[in-house]
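> Please read through the structure below; I'll follow up with questions.
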Amino acid sequence: MKSRKIYIFDTTLRDGEQSPGASLTPDEKLKIAKQLERLSVDVIEAGFPASSPGEMAAVRMIAREVRKPVICGLARTLEKDIEACRRALEPAAKKRLHLFLATSQIHRQYKLKKGKKEIIRIAVDHIRSAKKDFSQIEFSPEDASRTEPGFLADVTRAAVDAGATSINIPDTVGYTVPREFEDLIRFLIKKNPELGKKVVLSVHCHNDLGLAVANSLAAVLAGANQVECTINGIGERAGNASLEEIVMAIDTRKDFIHCSTGIRLVEITKASRMVSHLTGMVVQPNKAIVGRNAFSHESGIHQDGVLKKRQTYEIMDPKRIGLSGTQLILGKLSGRHAFKERIAKLGYGRLNEEDTVRAFRQFKALADKKKYVFDEDIEAILENEIGRIPEVWKLEHLKVSSETGKKPHAAVSLSFKNKIHAADSGGDGPVDACYKAVEKIVKSGARVTHYGIQSVTGGMDAQGEVTVKLYVSNHEVTGRGTSTDIIEASVKAYLFALNKISARSLFPGEMPSPV
Ligand code: KIV
Ligand code: ZN
């Protein structure tokens, strides 16, 4: 069966920007528009130019600099809105005017206070007048899914006769359900067979009931040939249909949907991260396609299956959307197979069976306490528990004073080969003071290249876990320390890294003795 082309109309920069708290500067909008171009969307709805001078400037800048997709501007059926789109889209290589007017009974009665005939007249008049300047005009009967189907067919027919080249059917309030929406699209096509063929038939679904993607796909199955969507599904209230979900569903289920898009799948992850970063809207971890967990497997049974054959538990290849690959999250549900695989990846493939079993037991004990077990944890288990890292430097005593307005001060004593060495130092902060005091004793010359802290468990008595990376003799080593006192955890992490340095003989000869 021949695959039907579905146009992807991206409205991240218009409806997506209507997400509460997601406003973007013109430069940020341009950056996203350029990524959407790399993603190969067919249409970019760049904004609503009449809404503000800044928005007008942003749409104009995108129209000037983004040349491959059609650039679209939104307008109410008002001459001033159409004029704002004319000006904003003037430099575009390809442009489209998107006119909308509400058609449902509730909007006609309470918002517009207009009858059916007047609604049709307003739509037709504005499409006709805009036709002089726009060869592409999209018309949206707002709240279409709650409009009487017969009236919807009349309005859209009149819009096409007046010159609209695309008809968009919005489920403005996310009210419809897939079967109903599919029937509506079939009905409209029956009434006007040009829809979905000579005239683009588009859908624009909101996610109030979590059905935006399902409703959009139902419409595609019924004959719609354009889907309006946003990256990460951002948008007014609960958002819009998410681009990545629509595109990957069409691609993954082409055997059933028999359609295709022109999207460059490999750019999806980058687009998602960029939009999340610039809008400040965090992607939920379990979000389909682009959530942090979308290609992560935690249960031992799943991990074992994926290692034997990825497709046992994965319907899409993460590499196709720009990820580096499948992620096996090592946690309390992981099995020996995944653990062995990971330790081999970390360079401990030649560990004997007895050490592997011991390390696996340690790993399970840690996984019971911690949410995630990172590679550094496994390295620590392997190196520490299997006895590769002797604790040559050990924290004996730590006293830190830190007062508002005063420079923090630390007094540290460490033991080295059964001898105690003490030093004290000031610092920019309490951790800095401790590290300086430690360095006065150890004199490793190490440079801290990373310092991170997180809680190991929940609650007020959570253990703080500090990760520190030290750079010395062209090597970077990671140390970790855990304690309910984060300063102590910081010193332990530093000493752990120093002990690793010593064990790996990164110093010429032995670890220098304190003088
Ligand atoms: O949700 C909606 O109805 C819209 C229109 C402007 C298409 O965003
Ligand atoms: Zn919308």
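> Which log10 I(q)/I(0) values does region 141-269 give at q = 0.10, 0.13, 0.14, 0.17 Å⁻¹ under the Debye formula, counting every alpha carbon as one identical point scatterer?
-0.29, -0.49, -0.57, -0.84
> Now for a different question. Around residue 262, with a cut-off of 13 angstrom between Cβ atoms, what is the net charge of the other residues, counting Lys and Arg +1 and Asp and Glu -1?
Result for the neighbourhood of residue 262: 0.
> Have a look at 256, 315, 367 and report the one farthest towards the positive end of the charge dipole of the chain, computed about the Cα centre with Cβ charges (Lys/Arg +1, Asp/Glu -1).
Most positive-ward Cα: 256.
> Could you give the radius of gyration (one decimal) and Dmax (whole number) of the Cα atoms in the chain, in Å?
Cα-based Rg and Dmax for the chain come out at 30.4, 95 Å.
> Once both axes come from the Cα atoms, what is the angle between helix 79-89 and the longest principal axis of the chain, in degrees from 0 to 90, rounded to 10?
Approximately 50 degrees, to the nearest ten.
> Rounded to the nearest 20 Debye, what is the dipole magnitude of region 393-503 about its Cα centre when Lys and Arg each give +1 and Asp and Glu each give -1 at the C-beta? Each step should come with its number before you reach the end.
Details: 14 positive and 11 negative charges, 97 e Å.
In debye, rounded to 20, region 393-503 gives about 460.
> Hey, can you rank 331-341, 106-116 by average C-beta count inside 10 Å, highest first? Working shown, then result.
Values: 331-341: 18.7, 106-116: 13.5.
Per-residue mean Cβ counts within 10 Å order the peptides as 331-341, 106-116.
> Per the Kirkwood treatment, what hydrodynamic radius in Å, one decimal, follows for region 393-503 from the mean inverse distance over all distinct Cα pairs?
Details: mean 1/r = 0.0710 Å⁻¹.
Averaging 1/r across every pair of different Cα atoms and inverting gives 14.1 Å.
> Mind checking the dipole of the chain: about its Cα centre, +1 per Lys or Arg Cβ, -1 per Asp or Glu Cβ, Debye to the nearest 20? Can you show the working numbers first?
On the way: 78 positive and 64 negative charges, 222 e Å.
Taking the Cα centre of the chain as origin, the dipole is about 1060 debye.
> Can I ask one more? In bins 5 Å wide, starting from 0, what share of all Cα pairs of region 4-279 does each bin hold, as a percent?
1, 6, 14, 18, 21, 19, 13, 7, 2, 0
> I would also like to ask the following. Among the DSSP beta bridges whose two residues both lie in region 193-332, what percent are antiparallel, rounded to the nearest 5?
In region 193-332, DSSP labels about 10 percent of beta bridges as antiparallel.
> At a 10 angstrom cut-off on C-beta neighbours, averaged per residue, how do the peptides 140-150, 313-323 rank from highest to lowest?
Output ranking for 140-150, 313-323: 140-150, 313-323.
> How many angstrom lie between the Cα centre of region 134-183 and the Cα centre of region 299-350?
46 Å
> Ordered by packing density, taken as the mean number of other Cβ atoms within 10 Å over each peptide's residues, highest first, how do 5-13, 177-185, 432-440 rank?
5-13, 432-440, 177-185
> Order these by the 10 Å Cβ neighbour count, fewest first: 244, 396, 228.
Going from least to most buried by this count: 396, 244, 228.
> Also, I was wondering about something else. DSSP beta bridges in the chain, what fraction antiparallel, as a percent rounded to 5?
Of all bridge pairs located within the chain, approximately 45 percent are antiparallel.
> Dipole size in debye (nearest 20) for region 231-338 around its Cα centre, Lys and Arg Cβ +1, Asp and Glu Cβ -1?
Details: 15 positive and 10 negative charges, 59 e Å.
In debye, rounded to 20, region 231-338 gives about 280.
Every read-out reported here was derived from the displayed coordinates using simple, explicitly stated rules and does not represent laboratory data. All values reported here derive from a predicted model rather than from experimental measurement. As a convention, Cβ positions derive from the backbone with ideal geometry for all residues, glycine included, and neighbour counts pool all protein chains shown.
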